[in-house]
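The next block holds one structure in the form of structure tokens; read it before the comments.
The values are calculated or read from the model by the stated rules, or taken from the named source; none is laboratory data. This structure is a prediction, so every number in the text was calculated from the model and none was measured. Please note: Cβ atoms are built from the backbone with ideal geometry, for glycine as well, and neighbour counts cover all protein chains shown. In case anyone asks, the SASA skips ligands and DNA or RNA and just uses the protein heavy atoms, side chains included. Shrake-Rupley method; radii C 1.70, N 1.55, O 1.52, S 1.80 Å.
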Amino acid sequence: MNVDALVKKYPEVKTMQDLKPFFWRNPDYGKEAKLSIGIEDIFDAEARFHRFAPYFEVAFPETVATHGILESPLVDLPDMKARLNKTFAHKIEGGLYLKADNYLPISGSIKSRGGIYEVLKFAEKIAVREGGLIYEDNYAVLASKKYHDLFAKYGIAVGSTGNLGLSIGIVAQKLGFRTSVHMSADASQWKKDKLRAFGVNVVEYNDNFTHAITEARKMAAEDSMTYFIDDEGSYDLFLGYSVAALRLQAQLKSQGIKVDKDHPLFVYLPAGVGGSPSGVTFGLKKVLGEHVHAIFAEPTHIPSVTLGMVTGLNDKISVYDIGIDGTTKADGLAVGRASRIAGKNMRTLLLGTATFNDSDMMEDVVRLYETEKIGLEPSAAAGFTIMDQALGNLAADFSLKTANHIVWATGGSMVPQEDMDHYLEVGREELAK
């Protein structure tokens, strides 16, 4: 790969090499999208979640309150807004909200959508084909020994930096599948420990995500009874994430939050491999329409989706190809190469991306905790960290005085207190500088 030629053609590549935060506005945003999937696929995924709701009520009692539906609240953040406006050069004038996927049941992260969904789809296929399940059955039956023994014949494997492996591991193991999660060096120790406590086989690598997922794919291919969940290119993961848009639409209505030309909605999503924010963005554009605008947040040291989209090379280029070290405190974002479907599907649907310094992200972990008493893992706070940049770049084109803003919190409620205390300590040290 001729990096010098890339730098000459795309000046943003040099900015990334210099590890400088910047905002990239997608020049193809709003053009006609040519996608192989549509809103009917979102409704198909939503229907499958509903079929499995009785199973979740039995297998995971914490979901009884929501009748087996995995969903998170939309939280108004008036105090966080006031805190940010003390430091922002560009003030937040509309509403600021948190889509609190850190509170999603079972695994406490956005991966409770896509990761769990793909496990459910595979389990349903096996249960129908070999276990006599029909679609009108009460799926609580899947918690029985009969189906547990059936699923135990099969394996499920995935490569992960943490949260995807956690969601897949917990549910797949509960159903009865032989589950292996291949984890990169960036994964937090507590996530490995929790998976092992559930009986999941955790395979550790002293290397990056690309190596972990490559090894997971290779090992799964050697066993015809093992199903590989591919974070770099799965449309089932993608569609599982997209269901969030239907749920958010109902929350916006119930809270009286308009989404129209005079009230644009900006959604800030942390991006690692790009699958979960892309799936959510696809759903938002299909369900809420042209006046919702998504922006991805990535660390300056590992802006994989930004690099792929800026150059048009998508998954054909890695941050390591341009000499970036790929180190970040945001373990969920520590992915050097974007997924095969992120850039392809976001080409006309994503407003833009922004990169940030880890130190600023750690400060936002503290700000949210001190103002709203909400604890997030670092990567989940990234949406706050790019807002000032975004507001400065959008002011000329949108009605920001009447806009609303949603930061997508991708994980945090399962973080052990000791780890959360450490995040807060690091963030407070940054704030004191």
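Just one of the listed residues (127, 185, 123, 140) is at pLDDT below 95, of a type in the set (Gly, Ala, Ser) and either more than 19 Å from residue 233 (Cα to Cα) or surrounded by fewer than 24 Cβ atoms within 10 Å (Cβ to Cβ) (or both), and it is 185. If only residues of the range 188-215 that are β-branched (Val, Ile, Thr) and open to solvent by 20 Å² or more (accessible area, probe 1.4 Å) are counted, the one that is nearest to residue 107 (Cα to Cα) is 203. The sole residue among 376, 368, 333 that is at pLDDT below 95 and closer than 22 Å to residue 104 by Cα is 333.
If I filter the range 93-102 for residues that are among the small types (Gly, Ala, Ser), at pLDDT below 95 and in contact with a Lys or Arg (Cβ under 9 Å, 6 or more places away or on another chain), do I get at least one hit?
Scanning the range 93-102, I find no residue that is among the small types (Gly, Ala, Ser), at pLDDT below 95 and in contact with a Lys or Arg (Cβ under 9 Å, 6 or more places away or on another chain), so the answer is no.
Across the range 97-121, the qualifying residues are those that are of a type in the set (D, E, K, R) and in a helix (DSSP H, G or I), and the one among them that is farthest from the chain's Cα centre (by Cα) is 121. Determine the pairs where a residue that is without any contact (Cβ under 8 Å) to a residue 24 or more places away in the chain, located within the range 249-262, has a partner that is open to solvent by less than 60 Å² (accessible area, probe 1.4 Å) and among the small types (Gly, Ala, Ser) with Cβ atoms under 6 Å apart, the partner being 6 or more residues away or on another chain. Matching pairs, first to second residue: none at all. For the range 273-316, enumerate the residues that are open to solvent by 10 Å² or more (accessible area, probe 1.4 Å) and among the acidic types (Asp, Glu). Once the filter is applied, which keeps residues that are open to solvent by 10 Å² or more (accessible area, probe 1.4 Å) and among the acidic types (Asp, Glu), the range 273-316 yields 290, 315. Entry remark, the range 141-191: residues being in a helix (DSSP H, G or I) and not aromatic (Phe, Trp, Tyr) number 23 in total.
Check whether at least one residue in the range 250-271 is crowded, with 24+ Cβ neighbours inside 10 Å, part of a helix (DSSP H, G or I) and modelled with pLDDT of 90 or more, and report yes or no. There is no residue in the range 250-271 that is crowded, with 24+ Cβ neighbours inside 10 Å, part of a helix (DSSP H, G or I) and modelled with pLDDT of 90 or more.
Give me the residue from the range 61-96 that is part of a strand (DSSP E or B) and more than 16 Å from residue 386 (Cβ to Cβ) and, out of that set, nearest to the chain's Cα centre (by Cα). Once the filter is applied, the top-ranked residue is 74.
Of all residues being basic (Lys, Arg) and within 19 Å of residue 224 (Cβ to Cβ) in the range 122-167, which is nearest to the chain's Cα centre (by Cα)? Just the residue, please.
125
When every residue of the range 230-246 is checked against the conditions, none turns out to be more than 30 Å from residue 96 (Cβ to Cβ), open to solvent by less than 20 Å² (accessible area, probe 1.4 Å), touching a Gly at 6+ places or on another chain (Cβ under 9 Å) and part of a helix (DSSP H, G or I).
Okay, residues lined up against (1) among the hydrophobic types (A, V, I, L, M, F, W, C); (2) in a loop (DSSP other than H, G, I, E, B):
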residue	(1), (2)
324	yes, yes
327	no, yes
348	no, yes
360	no, no
364	no, no
367	no, no
382	yes, no
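A residue that is touching a residue at least 40 places away in the same chain (Cβ under 8 Å) and of a type in the set (Gly, Ala, Ser) occurs somewhere in the range 136-146.
Scanning the range 295-304 finds no residues that are in a helix (DSSP H, G or I) and closer than 23 Å to residue 94 by Cα.
This table checks each residue for (1) touching a Phe, Trp or Tyr at 6+ places or on another chain (Cβ under 9 Å); (2) under 25 Å from residue 186 (Cα atoms); (3) open to solvent by less than 30 Å² (accessible area, probe 1.4 Å).
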| site | (1), (2), (3) |
| --- | --- |
| 318 | no, yes, yes |
| 321 | no, yes, no |
| 325 | no, yes, no |
| 330 | no, yes, yes |
| 341 | yes, yes, yes |
